[in-house]
Amino acid sequence: MYWEPDKECMDREELEQLHIERLQSTLTRVYAHVPFYRKKFDQMGITPEDIGSLSDLSRLPFTTKDDVRGNYPYGLFAVPLREVVRIHASSGTTETAAVVGYTRNDIKMWSNLMARVLTAGGVTKDDVVQVAFGYGLFTGGFGLHYGAERIGASVIPASAGNTARQIKIMKDFKTTALVCTPSYAALVAGTVREMGIPVSALSLKYGLFGGEPWSEGMRQEIQDSLGIVATDNYGLTEVLGPGVSGECLERNGLHISEDHFLVEVIDPETLLPVPPGRKGELVITTLTKEAFPMIRYRTRDLTRLLPEPCPCGRTGRRMSRVAGRTDDMLIIKGVKFFPSQVESLIFEIEGTGPNYQIVIDRKGAMDHATVLVEAAEAISFDQERRQSGTLAETIRKRLAHELGFSVDVKLVEKQALERSGEKGKRVVDNRKF
Ligand SMILES: [Zn+2]
């Protein structure tokens with residue numbers, strides 16, 4: 001089922017024509033209304049008229065997170081504030097947030113794109129959608145809320161936190177679709193089990209999860225324990241919020257709403273496009289945003305474009321689930337890796353829970369990593385000495401094989417690990433740089 005079949009299944013040639021028209025109008029708009037872009041274009045000696053085809057895209061400057069921060073709060077807005085009807089900001093406690101604005105048209109477009117994602121994930125007007133994303137400056141809550149309302153579903157704005165209450169609402173209000181981060185969904189699944197509630201007492205059918213990288217193993221675990229079909233969706237505050245892309249029920253990658261976003265995948269070091277199908281950093285240019293247009297925004301998210309057509313019939317290209325962020329990349333003993341690699345592996349091993357944490361210390365000049373893994377079930381002291389010892393050893397061996405260096409592994413009680421808000425806290429880096 002589609003929300004906007006004419007757009008989601010658009011002919012590729014027609015789409016390319018739309019791309020160039022919308023790109024030119026976006027460039028004209030930012031050149032006229034955003035001094036930051038005008039200055040950049042002038043310095044590079046280009047005008048919007050010079051970009052006559054999509055192959056000229058690479059001549060345009062990138063926009064980085066630092067550019068957004070440097071123009072805090074309203075420097076990159078392309079419309080006067082009187083035309084802005086909503087303001088959101090990216091999370092981030094240690095850095096200046098990115099502040100973004102939306103016109104009335106932007107909100108309409110956003111709701112439509114969210115409706116596409118929700119429809120692709122199985123949601124219809126007959127569903128009861130529980131939004132367990134925070135409602136606030138963070139784009140997740142309001143983004144999904146408006147999309148679900150647009151479809152005509154019954155929306156429960158549960159907001160984030162208080163898991164026991166979430167589950168009570170879920171049970172009593174007969175929630176059929178759960179919307180939150182994947183790690184929160186895993187926590188909900190664990191708590192449902194702990195409270196002794198059989199899955200048959202819930203009405204859940206679908207889970208739409210996003211906001212952080214997660215693995216296929218985690219998906220399987222959530223689907224099995226809640227008895228749902230779980231899809232992944234993606235977006236980021238700087239280009240819109242959620243709604244940039246989302247999986248259909250095939251669950252084989254996220255369809256990008258290419259009529260609204262122009263995507264590139266680049267090598268984060270050379271900044272050149274990677275060969276088709278190869279992994280790299282996702283770069284997004286918005287094509288229809290009025291208040292906060294973005295030219296070649298470097299998302300720092302690592303993904304690859306999947307060129308093969310999807311059996312669902314949507315023609316929007318798919319991106320693979322985000323494998324991590326370039327700034328989440330860890331370098332230990334000179335080896336580069338992502339927390340998601342650790343996660344995939346942990347999920348393949350029987351007896352582990354959904355939560356884990358990588359703690360990095362420096363002993364002398366040497367980096368040392370300890371991976372804390374929550375056990376699936378409560379561990380008794382006796383068991384700890386025998387079974388969990390064996391389990392930790394299994395994980396340790398598999399990680400050493402996967403990563404190419406040795407780490408310590410410690411099994412901890414379930415739900416013993418610290419979480420930061422809705423998202424799992426995956427890395428604690430105690431090294432001083
Ligand atoms: Zn599909």
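The values are calculated or read from the model by the stated rules, or taken from the named source; none is laboratory data. In this text, all values refer to a predicted model and were calculated from it rather than measured experimentally. So basically every Cβ, Gly included, is an ideal-geometry build from the backbone, and we count neighbours across all protein chains shown. Side chains included, ligands, DNA and RNA excluded: accessible areas come from the protein's heavy atoms. Shrake-Rupley method; radii C 1.70, N 1.55, O 1.52, S 1.80 Å.
Assess whether residue 274 counts as being of a type outside the set (Ser, Thr, Tyr), closer than 20 Å to residue 19 by Cβ and open to solvent by 10 Å² or more (accessible area, probe 1.4 Å). Here the answer is yes, as residue 274 does meet what is asked.
Residue count for the range 222-249 satisfying the condition of being assigned to a loop (DSSP other than H, G, I, E, B) and free of Cβ contacts under 8 Å to residues at least 60 places away in the same chain: 2. Only one entry of 185, 189 meets the criterion of being over 16 Å from the mean Cα position of the chain (by Cα), buried (at least 22 other Cβ atoms within 10 Å of the Cβ) and more than 16 Å from the ligand (Cβ to nearest atom), and that entry is 189. Only one entry in 345, 302 is surrounded by 17 or more Cβ atoms within 10 Å (Cβ to Cβ) and either of a type in the set (Lys, Arg) or farther than 30 Å from residue 191 by Cβ (or both), namely 302. Within the bounds of the range 28-45, is there any residue that is within 30 Å of residue 247 (Cβ to Cβ) and either touching a Cys at 6+ places or on another chain (Cβ under 9 Å) or in a helix (DSSP H, G or I) (or both)? Within the range 28-45, none of the residues are within 30 Å of residue 247 (Cβ to Cβ) and either touching a Cys at 6+ places or on another chain (Cβ under 9 Å) or in a helix (DSSP H, G or I) (or both).
Screening 140, 211 for residues that are open to solvent by 40 Å² or more (accessible area, probe 1.4 Å), of a type in the set (Gly, Ala, Ser) and either in contact with a Leu (Cβ under 8 Å, 6 or more places away or on another chain) or farther than 23 Å from residue 378 by Cβ (or both) leaves exactly one candidate, 211.
Pairs linking a residue in the range 306-320 that is under 14 Å from residue 10 (Cβ atoms) to a residue that is among the β-branched types (Val, Ile, Thr) and more than 7 Å from the ligand (Cβ to nearest atom), with Cβ atoms under 7 Å and 6 or more positions apart or on different chains, are 316/256; 317/256.
Per-residue answers, yes or no, for (1) under 27 Å from residue 89 (Cα atoms); (2) surrounded by 15 or more Cβ atoms within 10 Å (Cβ to Cβ); (3) among the basic types (Lys, Arg):
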| residue | (1), (2), (3) |
| --- | --- |
| 2 | no, yes, no |
| 11 | no, no, no |
| 15 | no, yes, no |
| 19 | no, yes, no |
| 32 | yes, no, no |
| 49 | no, no, no |
| 57 | no, yes, no |
| 65 | yes, yes, yes |
| 74 | yes, yes, no |
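Exactly one residue out of 219, 278 is in a loop (DSSP other than H, G, I, E, B) and farther than 30 Å from residue 35 by Cβ: that is 278. Given the residues 315, 288, which is the only one that is away from the ligand (no atom under 16 Å from the Cβ), among the polar types (S, T, N, Q) and in a loop (DSSP other than H, G, I, E, B)? Only one candidate passes the filter, namely 288.
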